[in-house]
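Following: one structure in structure tokens, then a few remarks.
The values are calculated or read from the model by the stated rules, or taken from the named source; none is laboratory data. Quick caveat, the model's predicted, so the values are computed rather than measured. Note that each Cβ is placed from the backbone with ideal geometry, even for glycine, and that neighbours are counted across all protein chains shown.
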Amino acid sequence: MAFLLNKASILSQVGSLKQNTVSSFAQSRRGYHIELGEREKALLADDPALRRFKSHTKGVRRIKRFGDVLTIIVVAGCCYEIYVRAVIREEARKAAKSVTGTA
């Protein structure tokens, strides 16, 4: 009986220790807002020399849209193929059942 009480107290201590570590971990990950320095602001500013390398042109958007449409078409084709195979299998089962039932 003393063993069970001892075991329960150990488990409660481990549980409380786990709660403390979780809360301290969550607290350590919490960030504080710090104002950006001059270097960080300069790095984040738009650079006209790099503007032609950005991927936000109409051509890239058109290619992305074409890829999305092509993906939808392929998925729809796969779904249709699965549906057709299921219907054919069901018709074959009915035909086999009607053949064995009349024989």
Handout entry: Among the residues listed as Arg51, Arg39, Arg61, the single one being out of contact with any helix residue (DSSP H, G or I) (no Cβ under 8 Å at 6 or more places or on another chain), assigned to a helix (DSSP H, G or I) and surrounded by 10 or more Cβ atoms within 10 Å (Cβ to Cβ)
Key = Arg61
Completion exercise
Pairs returned, first residue in segment 82-100 that is modelled with pLDDT under 95 and assigned to a helix (DSSP H, G or I), second residue that is exposed (fewer than 10 other Cβ atoms within 10 Å of the Cβ) and small (Gly, Ala, Ser), beta-carbon separation under 8 angstrom, 6 or more apart or interchain, are none
